[in-house]
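Please read the structure below before turning to the comments.
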Ligand SMILES: C[S@@+](CC[C@H](N)C(=O)[O-])C[C@H]1O[C@@H](n2cnc3c(N)ncnc32)[C@H](O)[C@@H]1O
């Protein structure tokens with residue numbers, strides 16, 4: 001996790017979302033804006049990247065864990081904006097694999 005900007009009351013962290021969320025205090029985030037990777041669509045060339053899990057079910061579980069971590073840092077008056085991947089394909093894929 002790297003701080004790439006720290007000016008006035010803005011601190012910009014860069015790193016694995018799970019690591020950054022783990023370092024943020026509880027109930028400290030007012031707004032979460034996210035565009036998670038789609039499943040199996042792109043290799044961003046980063047170790048531990050989300051979206052290249054061995055199965056859609058594991059991808060969904062990864063995102064579930066990330067959003068659970070977001071929930072911990074959510075301030076009471078939080079706002080979320082999420083660009084949602086093609087869930088129905090992911091869920092159907094995971095379902096079909098059962
Ligand atoms: C769908 S793209 C978002 C693109 C971005 N909204 C934009 O307009 O450029 C998903 C992004 O998630 C990043 N990513 C993948 N795994 C990650 C992880 N574990 N932690 C943080 N970012 C991750 C990828 O590097 C990629 O930039």
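Can you pull out every residue in the stretch 28-44 that is in contact (Cβ under 8 Å) with a residue 12 or more places away in the chain and out of contact with any strand residue (DSSP E or B) (no Cβ under 9 Å at 6 or more places or on another chain)? Break it down into steps so the answer makes sense when it comes.
To start, the set of residues in the stretch 28-44 that are in contact (Cβ under 8 Å) with a residue 12 or more places away in the chain comprises 28-40.
Result: 37, 38, 39, 40.
Return the residues of the stretch 1-27 that are touching a residue at least 40 places away in the same chain (Cβ under 8 Å) and either exposed (fewer than 11 other Cβ atoms within 10 Å of the Cβ) or within 15 Å of the chain's Cα centre (by Cα) (or both); say none if nothing qualifies. Working first, answer last.
Step one: list which residues in the stretch 1-27 are touching a residue at least 40 places away in the same chain (Cβ under 8 Å), which gives 17-18, 21-22, 24-27.
Across the stretch 1-27, the qualifying residues are 17, 18, 21, 22, 24, 25, 26.
Here's the yes/no breakdown for (1) within 13 Å of the ligand (Cβ to nearest atom); (2) surrounded by 14 or more Cβ atoms within 10 Å (Cβ to Cβ):
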site: 35; (1), (2): yes, no
site: 39; (1), (2): yes, yes
site: 42; (1), (2): yes, no
site: 46; (1), (2): yes, no
site: 51; (1), (2): yes, yes
site: 54; (1), (2): no, no
site: 57; (1), (2): no, yes
site: 61; (1), (2): no, no
site: 70; (1), (2): yes, yes
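Taken together, the values in this text are just the output of simple stated rules run on the coordinates, not laboratory data. As the structure is a prediction and not an experimental result, all values here were calculated from the model. We place every Cβ from the backbone using ideal geometry, glycine too, and count neighbours over all the protein chains shown.
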